[in-house]
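Here's the structure, in structure tokens; my notes come after.
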Amino acid sequence: MSYCRFQHQGATLYGLIEGDGDQPTITRTLTRAPQSFSDFDRGEKSELPLSAVRLLAPAEPGKIVCIGRNYREHAKELDHPIPTEPLIFLKPPSSLIGPEDAIRRPAELSQRVDYEGELGVVIGRRCYCLRESDDVKPYIVGYTCVNDVTARDLQNKDGQWTRAKGFDTFCPVGPVVAEGLDPWKGVRVQSRVNGELRQNGTTADFLFPLDVLVRFISQVMTLEPGDVIATGTPAGVGPLKAGDVVEVTVEGVGTLRNPVVDRE
Ligand code: MG
């Protein structure tokens, strides 16, 4: 099962999506973000075909917490040491865009803007200082695709990553939030540029499993409903240029597709 956030006839709503194949339909809607899929039981009934609506990023995060170097092969390709504890950084909510929205390259400031396909985790319940014995699953409403777009040259130059990771449009998220994934067992994460496969990893290769990541972040900051965690990218990152189309596919979620332009 999955849900989306969408615009239709002037309204912005969350919608439960049912039915596979060619004709997925929004069957229930909510005006506020669900904290779990069962919230849709109280939603308005609907019969909107998914194809009739404009999809937005499926979360409204107060913060986007990202994990750096959570796959051994990616750390190696950037010539970075393997971390001994999770490395976290933030992307601002102003970097968020939805499916089909354009990634705008700041070509005058960066000569190297990379895609990073990642499994995204959407928080459903507030949590802070989780203990080793706490199960993290009740705090997760579902999973999505994230593209942690990065100005690689500025990341190397600045030391701090805020600028490299924080440009407007540098955080495509979507197209939906899905339940039923098992990142501990392994979920395939792929990226394609103009249809060509560039990244093909599995979350089974995480250096730090998802429960360790959520507990680690929660020692630092309160995770609020709607917050998004980007869990790190597998090997195969590379540059984007104007005119490219980049797709991030997470098994069990779908494909997040965004065109690339140079900003004016
Ligand atoms: Mg990343």
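Here's the yes/no breakdown for (1) closer than 23 Å to residue 104 by Cβ; (2) away from the ligand (no atom under 16 Å from the Cβ); (3) part of a strand (DSSP E or B):
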| residue | (1), (2), (3) |
| --- | --- |
| 184 | no, yes, no |
| 197 | no, yes, yes |
| 252 | no, yes, no |
| 255 | yes, yes, yes |
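Of everything in the range 88-111, what is of a type in the set (S, T, N, Q) and open to solvent by 40 Å² or more (accessible area, probe 1.4 Å)? Give them in sequence order.
Pass one, the range 88-111, residues of a type in the set (S, T, N, Q): 94-95, 110-111.
Scanning the range 88-111 gives 94, 111.
Mind listing whichever residues of the range 1-17 are over 11 Å from residue 54 (Cα atoms), open to solvent by 60 Å² or more (accessible area, probe 1.4 Å) and at pLDDT 95 or above? Step through it out loud before you land on a result.
The first filter runs over the range 1-17 and keeps only residues over 11 Å from residue 54 (Cα atoms), leaving 1-3, 14-17.
Next cut, open to solvent by 60 Å² or more (accessible area, probe 1.4 Å) only: 1.
Residues satisfying the conditions do not exist here.
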- prompt: Tally time: how many residues in the range 78-87 are more than 11 Å from the ligand (Cβ to nearest atom) and open to solvent by less than 80 Å² (accessible area, probe 1.4 Å)?
  reply: 4
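Of all the strands (runs of 3 or more DSSP E) wholly in the range 96-175, which have at least 1 residues that are away from the ligand (no atom under 16 Å from the Cβ)?
In the range 96-175, the matching strands (runs of 3 or more DSSP E) lie at 103-105, 117-123, 140-147.
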- prompt: Based on what the data block shows, is residue 255 open to solvent by less than 10 Å² (accessible area, probe 1.4 Å) and in contact (Cβ under 8 Å) with a residue 24 or more places away in the chain?
  reply: no
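Considering only residues that are within 13 Å of the ligand (Cβ to nearest atom) and either surrounded by fewer than 16 Cβ atoms within 10 Å (Cβ to Cβ) or over 22 Å from residue 172 (Cβ atoms) (or both), look in the range 58-77 and name the one that is modelled with the lowest pLDDT.
Step one: filter the range 58-77 for residues within 13 Å of the ligand (Cβ to nearest atom), giving 64-71, 74-75, 77.
Those still in the list that are either surrounded by fewer than 16 Cβ atoms within 10 Å (Cβ to Cβ) or over 22 Å from residue 172 (Cβ atoms) (or both) too: 75, 77.
Numbers: 75: 75, 77: 83.
Only one residue fits best here, namely 75.
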task: Identify the single condition in (1) open to solvent by 50 Å² or more (accessible area, probe 1.4 Å); (2) within 15 Å of the ligand (Cβ to nearest atom); (3) within 22 Å of residue 3 (Cα to Cα); (4) not aliphatic (A, V, I, L, M) that residue 205 does not satisfy, given that it satisfies every other one.
output: (3)
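The values are calculated or read from the model by the stated rules, or taken from the named source; none is laboratory data. Just so it is clear, the structure is predicted and the values come from calculations on it, not from any experiment. Here Cβ is always computed from backbone atoms with ideal geometry, including for glycine, and neighbour counts include all displayed protein chains. Ligands, DNA and RNA are stripped out before the accessible areas are found, and what is left, the full protein with its side chains, is counted by its heavy atoms. Shrake-Rupley method; radii C 1.70, N 1.55, O 1.52, S 1.80 Å.
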